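Every number here is computed from the coordinates shown, using simple stated rules; none is lab data. Here the structure is a predicted model, which means the values were calculated and not measured. Note: ideal-geometry Cβ built from the backbone for every residue, glycine included; neighbour counts use all protein chains shown.
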Amino acid sequence: MSFLEIRFCNGVLEIPQISKDDVITSFFLNSVAFEQCYSHCSKHMTAYAAFMGCLINNPTDAEFLCDREVMENYFGNDKELVHFFNNLGKEVAFDINNNYLSKVFEDVNRYSRNGWHVQWAGFKRKYFDTPWSFTSALAALLLLLLTMVQAFFAVYPYAGGKSPG
């Protein structure tokens, strides 16, 4: 599977893993420069660079992609990765509607326009980032339900079907 094969399915971006080091940096810079010089060739590398530039805006974004094993960052720190992608697509001719990732751009934009998806993703990331936070929330919910059942039977002691007489 090529690192260029990016897909968006059911709200999930599928991005193949890629290592960022000096060799890949040179490859990207030369590929984008080549595509800009020759109008008859495909613009796949330019589209990939623009997509990653849109995706990585700050060190937190780069850290997130590294944590999810989308990127292996051998640059040294996340700021350098952000700087690389922000400058790679800077001042290059790029048509967002006419490239191999145009459907991905369109699908992501359509998905993110729905505020519910964005809010739900933010909620999950903030409160359920680890399995322990999910487990503790589930335990709290179970405790709340059992407390409500206990309160119900304390107020209506004969709701279980047995009468005192």
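Expected output is a single nm value to one decimal: the length gained when fully extending between Ser42 and Asn58, i.e. 0.36 nm times separation in residues minus the C-alpha distance. What is it?
Extra length available between Ser42 and Asn58 comes to 2.9 nm.
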> Which residues does a label at Asp22 reach in the stretch 53-93, if reach means a backbone N under 16 Å from a point 7 Å past the Cα toward the Cβ?
Replying inline: 74-77
>> Pairwise over distinct Cα atoms, reciprocal of the mean inverse distance: report the Kirkwood radius of the chain in Å, one decimal place.
In response: 19.5
>> Could you tell me the center-to-center distance, by alpha carbons, between the stretch 5-61 and the stretch 116-158 in angstrom?
In response: 41
> In what sequence, highest mean first, do 18-26, 127-135 appear when ranked by Cβ atoms within 10 angstrom?
Replying inline: 18-26, 127-135
> Label His117 and Asp95 with points 7 Å out from Cα along Cα→Cβ: what is the distance between them in nm?
Replying inline: 2.6
> For the chain, how many pairs of lysine residues have a Cα-Cα distance under 30 Å, where the two are 8 or more positions apart or belong to different chains?
Replying inline: 16
>> Just to confirm the number: angle between the C-alpha axis of helix 131-155 and the first principal axis of the chain, 0 to 90 degrees, nearest 10?
In response: 20
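Helix-only mean residue ellipticity at 222 nm, the chain, DSSP H runs n ≥ 4 weighted -39,500 (n - 2.57), per residue, nearest 500. What is it?
On the way: 7 runs with 98 residues, N = 165.
Theoretical 222 nm ellipticity from helices: -19000 deg cm²/dmol.
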>> Angle check, please: helix 44-55 long axis (alpha carbons) against the longest principal axis of the chain (alpha carbons), in degrees 0 to 90, nearest 10.
In response: 40
>> Quick check: pseudo-label points 7 Å beyond the Cα along Cα→Cβ at Val12 and Ala139, how many nm apart are they?
In response: 2.8
